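Worksheet: one structure, shown below.
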Amino acid sequence: MPAVLLTAPAAEPLGLADAKAYLRLDHDDEDALLGELIASARAEVERLTRRVLVAQRWRLDAPVPPPGGAVKLR
């Protein structure tokens, strides 16, 4: 039963400006890399905790249960 991401988070839980202030970065040379690191960290925390940090929409593709049966979820 794979889960399919329908709507990705609109924004990350930590903004680029906040991360740059915390890391004391004054230049804009690595903004793209820092943005990717923030997104990667959020995805890893969500994977480990099995919770979403930012609103998003998912679809669970489950098999059709037999009449009177049930679908077992993990």
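The values are calculated or read from the model by the stated rules, or taken from the named source; none is laboratory data. Computed from a prediction, not measured in an experiment: that's the story for all the values here. Positions of Cβ are backbone-derived with ideal geometry, glycine not excepted, and every protein chain shown enters the neighbour counts. Surface accessibility is based on the protein's heavy atoms, side chains included, excluding ligands, DNA and RNA. Shrake-Rupley method; radii C 1.70, N 1.55, O 1.52, S 1.80 Å.
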Inset, instruction - Please go through the range 2-23 and pick out each residue that is assigned to a loop (DSSP other than H, G, I, E, B) and either farther than 23 Å from residue 51 by Cβ or not aliphatic (A, V, I, L, M) (or both). - result: 2, 9, 12, 13, 15
Legend entry - Residue satisfying condition, being more than 16 Å from the chain's Cα centre (by Cα) and either open to solvent by 60 Å² or more (accessible area, probe 1.4 Å) or small (Gly, Ala, Ser) (or both), within set 66, 2, 13: 66
Inset, instruction - Answer yes or no: is there a residue in the range 29-42 that is over 16 Å from the mean Cα position of the chain (by Cα) and loosely packed, with under 10 Cβ neighbours inside 10 Å. - result: yes
Inset, instruction - Select from the range 48-63 the residues that are loosely packed, with under 10 Cβ neighbours inside 10 Å and over 22 Å from residue 14 (Cα atoms) and list them in ascending order. - result: 61, 63
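Results for (1) charged (D, E, K, R); (2) assigned to a loop (DSSP other than H, G, I, E, B), shown as yes or no for each residue.
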position	(1), (2)
25	no, yes
28	yes, yes
32	no, no
37	no, no
40	no, no
46	yes, no
51	yes, yes
54	no, yes
67	no, yes
